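Structure first, then comments.
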Amino acid sequence: MLALLQHWDTQLLLMIQGWHNPLLDFLMPIITTLGSGGMLWIALTILLLIFRRTRKIGIVMGLSLIVSALLGNFVLKPFIARARPFEAMPEIPMIISQPTGYSFPSGHTISSFAAAMVLWFYSWKLALPATILAGAIGFSRMYLFCHYPSDVLAGALLGILIALVMVFLYRITFGRRYPLRS
């Protein structure tokens, strides 16, 4: 079963490599940088924490990002220890510096989808562009040959799940007294 998954993962990733063109080669490194270290999402969390009206959603987003980083980078990546695509196929040229660490799951994608999902509980006007950006960041990780499609899919699903759990925990802890929307 794992061999079949690896086969389809590799085939899809190689198909994406066929989409390289000057425009995407310029845009994808910029998009992936937005998700590096979760910095964009951390900055958004800080901005949300500053204002009283958005502080509660900022708290939930911050907790989601912390859990995402801990689960993804310190639990799952070392436990699964999946090599990155460029290590398995060194003949494919990279257009960015090779990232360090393991491949599964995509940390960029976990944090991006965790942040975007939390925003769905506050404002769809913010959540929709955040979700589109999260998807673009996840795609950029495949385009740049840093992750397999299953790494990105798992990252998206984990990010969504973590956000849902954090919202649930917030709601059972604070209930109606402190709704996420002010």
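The values are calculated or read from the model by the stated rules, or taken from the named source; none is laboratory data. Remember, it's a predicted structure, so these values are computed and weren't measured experimentally. Cβ placement follows ideal geometry from the backbone for every residue including glycine, while neighbour counts extend to all protein chains displayed. Areas reflect the complete protein model, heavy atoms only, side chains present, ligands, DNA and RNA absent. Shrake-Rupley method; radii C 1.70, N 1.55, O 1.52, S 1.80 Å.
Can you find a residue that is hydrophobic (A, V, I, L, M, F, W, C) and out of contact with any Asp or Glu (no Cβ under 9 Å at 6 or more places or on another chain) anywhere in segment 101-109? There is no residue in segment 101-109 that is hydrophobic (A, V, I, L, M, F, W, C) and out of contact with any Asp or Glu (no Cβ under 9 Å at 6 or more places or on another chain).
Within segment 37-53, the set of residues being open to solvent by 20 Å² or more (accessible area, probe 1.4 Å) and either part of a helix (DSSP H, G or I) or not hydrophobic (A, V, I, L, M, F, W, C) (or both) comprises GLY37, MET39, LEU40, ILE42, ALA43, LEU44, ILE46, LEU47, LEU49, ILE50, ARG52, ARG53. None of PHE104, PHE79, PHE51, PHE74 is under 20 Å from ALA154 (Cβ atoms) and over 17 Å from the mean Cα position of the chain (by Cα) except PHE79.
It is to be established whether one or more residues within segment 52-60 are over 30 Å from SER123 (Cα atoms) and β-branched (Val, Ile, Thr). No.
Of the residues making up segment 107-152, those that are of a type in the set (Ser, Thr, Tyr) and either part of a helix (DSSP H, G or I) or in contact with a helix residue (DSSP H, G or I) (Cβ under 6 Å, 6 or more places away or on another chain) (or both) are THR109, SER111, SER112, TYR122, THR131, SER140, TYR143, TYR148, SER150.
Considering only residues that are open to solvent by 80 Å² or more (accessible area, probe 1.4 Å) and part of a loop (DSSP other than H, G, I, E, B), look in segment 80-106 and name the one that is nearest to ILE30 (Cα to Cα). Among residues in segment 80-106 that are open to solvent by 80 Å² or more (accessible area, probe 1.4 Å) and part of a loop (DSSP other than H, G, I, E, B), the one nearest to ILE30 (Cα to Cα) is SER97. For segment 17-32, the condition holds for at least one residue, the condition being that it is within 21 Å of LEU157 (Cα to Cα), at pLDDT 90 or above and not small (Gly, Ala, Ser). Can you spot a residue in segment 2-23 that is small (Gly, Ala, Ser), open to solvent by 50 Å² or more (accessible area, probe 1.4 Å) and either in a loop (DSSP other than H, G, I, E, B) or touching a Phe, Trp or Tyr at 6+ places or on another chain (Cβ under 6 Å) (or both)? Checking segment 2-23: at least one residue is small (Gly, Ala, Ser), open to solvent by 50 Å² or more (accessible area, probe 1.4 Å) and either in a loop (DSSP other than H, G, I, E, B) or touching a Phe, Trp or Tyr at 6+ places or on another chain (Cβ under 6 Å) (or both).
Is there a residue in segment 64-71 that is hydroxyl-bearing (Ser, Thr, Tyr) and in contact with a Gly (Cβ under 9 Å, 6 or more places away or on another chain)? Yes; the residues of segment 64-71 include at least one that is hydroxyl-bearing (Ser, Thr, Tyr) and in contact with a Gly (Cβ under 9 Å, 6 or more places away or on another chain).
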